[in-house]
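Heads up, the thing below is written out as structure tokens.
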Amino acid sequence: MARAALGLGGVHALVLLAVASVALFPLVISDDGYGHCEGVVRGWADSSTGWDKDGDKLSLKDLLFFLHIPRTGGRTYFHCFLKKLYTNAQECPRSYDKLRFDPSHPDCKLVVSHDDYSLTSKLPRERTSVVTILRNPVDRVFSTYEFSVEVAARFLVHKNLTSAKLMSTRLLTKSRAVSTLDIWPWKYLVPWMRQDLFARRDARGGDKVPSSKKVNAYDVEDMVMPLHQYINDPVAHEIIHNGATFQITGLTNNSYFDGAHEVRHCVRQHPDLGRIVLEVAKNRLDQMLYVGLTEDHEESARLFAHMVGAQVLSQSGTLNLDLKEDLHNENDSHPSMVEPEDEETNEHLNSTHGWQTNEALNSTSDEQGKGNMTVGKLMEAYETCIAKLRKSQSNRRKISLKKVEEANFSKEARKLVPEAILKEIISFNSLDMELYDHAKKIFTQEHLMLKAQQSGVGQHRLLAEQKGWTEIICSNGICSPWMVVMLGLGITAIIALVSFAVTTRRRTSKLKV
């Protein structure tokens with residue numbers, strides 16, 4: 001009986017042990033998975049530090065890499081600043097086209113690309129300066145969604161998706177130009193949205209849906225994938241969310257680093273590991289020559305002109321710095337500088353239907369070095385250029401969205417988006433939100449540094465003018481006594497003449513009275 005009880009107790013013990021083992025097994029596996037991911041992420045971070053800490057970050061090096069984060073206004077800088085600072089021969093061929101990009105060109109001095117930071121592995125890192133622009137992550141997600149719809153909607157002129165794909169393939173084969181479909185991330189986002197647009201059009205049986213009431217432009221599900229569906233799709237989590245952080249750390253799905261996918265996967269699986277990636281991104285921003293903000297458009301452009309443009313002009317020997325023209329008074333107004341539109345101006349080089357070079361862009365491409373350029377003149381050229389580009393983009397957007405006209409995107413329309421969706425976007429982009437706050441701090445520092453630098457230049461000019469007077473009476477640091485006496489007598493004589501004139505005038509006035 002005792003043996004039976006003992007046996008029964010032993011069975012219970014074994015059962016309990018088995019149950020406990022099963023219960024703990026997932027925890028062990030999970031812990032091992034976390035430990036592996038932590039090792040992967042920390043290993044990558046350790047190998048990424050120290051790359052950019054050599055030399056003076058504020059000095060422009062031989063090669064300028066404009067790391068273009070999508071939907072931040074980078075194409076405006078490309079066409080309205082860099083195209084005026086660099087010649088076509090100095091721009092690295094096919095910068096935006098990863099498959100055919102060649103950084104080994106002998107005269108290559110400029111790279112402008114959506115490729116992430118891992119592109120620096122293909123560049124002479126010790127001779128490369130990096131610049132970028134960041135945007136409020138919520139606005140960037142909105143703009144990415146809008147642009148995906150805009151470009152994909154251009155294909156709706158075709159009767160079906162097969163016809164659209166066939167025509168685009170033919171045109172790409174014949175053309176040497178870089179298409180939107182060649183450029184990351186649009187080579188993924190546009191075909192995804194295009195397929196969805198055709199599916200919805202086929203389901204409703206036509207191009208238009210009559211509407212008798214005001215609709216939320218971001219929730220027109222009969223025509224366009226709603227925003228809430230867009231941001232929750234795996235494609236958005238892979239490419240869009242925290243996109244700035246992954247691009248600056250070189251961890252996008254377009255990376256030159258073979259282990260980028262594993263690091264990115266580990267961060268999504270274990271969000272707390274994102275802090276490690278975020279610190280690398282912050283350090284990268286700290287080491288850049290320039291960091292701009294889309295929202296503070298006017299001051300960003302001015303800082304770029306002074307911090308980057310002035311150095312490019314100086315290195316090329318075309319800079320003629322005129323302080324009276326170039327120093328900015330914070331109270332000055334620039335009527336031609338208008339508020340930036342939500343969409344990035346001329347994100348790509350395509351026309352209304354997406355394939356031919358835009359005439360407005362061609363008209364703004366000036367050759368470098370025409371006469372004596374100043375920073376002030378560079379800003380004037382930028383303001384003229386951006387006005388043309390914005391007008392061109394606005395017209396093109398209206399035409400592009402004609403077949404999905406209920407998707408009437410605007411600042412006012414964004415206000416109708418439910419608060420819950422905005423909170424979702426913020427949650428999905430927590431790394432980018434913190435990185436953007438860090439970028440704002442850097443931007444403030446850049447502004448203060450520029451003011452100090454300009455103040456120093458102004459004092460230097462004043463001292464130079466004073467030095468010009470002393471050189472008249474002094475030579476090699478030795479002043480002639482006779483010249484000093486003559487200068488003193490001259491000043492005394494001038495004072496005496498002025499006093500005599502004033503006294504005579506007073507006497508004459510009394511006589512008249």
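Matching residues to (1) in contact with a strand residue (DSSP E or B) (Cβ under 8 Å, 6 or more places away or on another chain); (2) small (Gly, Ala, Ser):
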residue: His68; (1), (2): yes, no
residue: Ser104; (1), (2): no, yes
residue: Ser118; (1), (2): no, yes
residue: Ala152; (1), (2): no, yes
residue: Leu156; (1), (2): no, no
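Kindly check whether there is at least one residue in the stretch 158-174 that is open to solvent by 20 Å² or more (accessible area, probe 1.4 Å), modelled with pLDDT of 95 or more and closer than 25 Å to His114 by Cβ.
no
Scanning the stretch 47-86 for residues that are modelled with pLDDT of 90 or more and among the polar types (S, T, N, Q) yields Ser47, Ser59, Thr72, Thr76.
Does at least one position in the stretch 144-159 carry a residue that is among the basic types (Lys, Arg) and touching a residue at least 12 places away in the same chain (Cβ under 8 Å)? Within the stretch 144-159 (the criterion being among the basic types (Lys, Arg) and touching a residue at least 12 places away in the same chain (Cβ under 8 Å)), the answer is yes, since at least one residue qualifies.
In summary, Leu181 fulfils each of the numbered conditions (1) farther than 17 Å from Asp97 by Cβ; (2) touching a helix residue (DSSP H, G or I) at 6+ places or on another chain (Cβ under 7 Å) with the single exception of condition (1). Within the option set Ala199, Ala203, Ala236, being in a helix (DSSP H, G or I) and more than 22 Å from Val157 (Cβ to Cβ) holds for one residue only, Ala236. Applying the condition of being open to solvent by 50 Å² or more (accessible area, probe 1.4 Å) and in a loop (DSSP other than H, G, I, E, B) to the stretch 254-266 and asking which residue is nearest to Arg71 (Cα to Cα) yields Tyr256. Within the stretch 104-116, at least one residue is of a type outside the set (Phe, Trp, Tyr), more than 28 Å from Pro137 (Cβ to Cβ) and either surrounded by 15 or more Cβ atoms within 10 Å (Cβ to Cβ) or modelled with pLDDT of 90 or more (or both).
Looking only at residues in the stretch 54-99 that are of a type in the set (Phe, Trp, Tyr) and in a helix (DSSP H, G or I), the one that is surrounded by the fewest Cβ atoms within 10 Å (Cβ to Cβ) is Phe78. Taking residues in the stretch 195-208 that are more than 16 Å from Lys165 (Cα to Cα), and partners anywhere that are at pLDDT below 95 and open to solvent by 30 Å² or more (accessible area, probe 1.4 Å), the pairs with Cβ atoms closer than 6 Å and at least 6 places apart or on different chains are Arg204/Asp222; Asp207/Lys403.
For the stretch 267-304, a tally of residues being more than 19 Å from Tyr77 (Cβ to Cβ), aliphatic (A, V, I, L, M) and open to solvent by less than 20 Å² (accessible area, probe 1.4 Å) returns 6. Tyr188 fulfils the conditions (1) open to solvent by less than 40 Å² (accessible area, probe 1.4 Å); (2) part of a helix (DSSP H, G or I); (3) in contact with a helix residue (DSSP H, G or I) (Cβ under 9 Å, 6 or more places away or on another chain) except for a single criterion, (1).
For the stretch 370-393, a residue qualifies if it is basic (Lys, Arg) and surrounded by 15 or more Cβ atoms within 10 Å (Cβ to Cβ), and the qualifying residues are Lys377, Lys388, Arg390.
The values are calculated or read from the model by the stated rules, or taken from the named source; none is laboratory data. All values derive from a computational prediction rather than experimental measurement. Counting neighbours? That spans all protein chains shown, and the Cβs are built from the backbone with ideal geometry, glycine included. The protein model used for the area step is the full one, side chains on, heavy atoms only, and it has no ligands, DNA or RNA in it. Shrake-Rupley method; radii C 1.70, N 1.55, O 1.52, S 1.80 Å.
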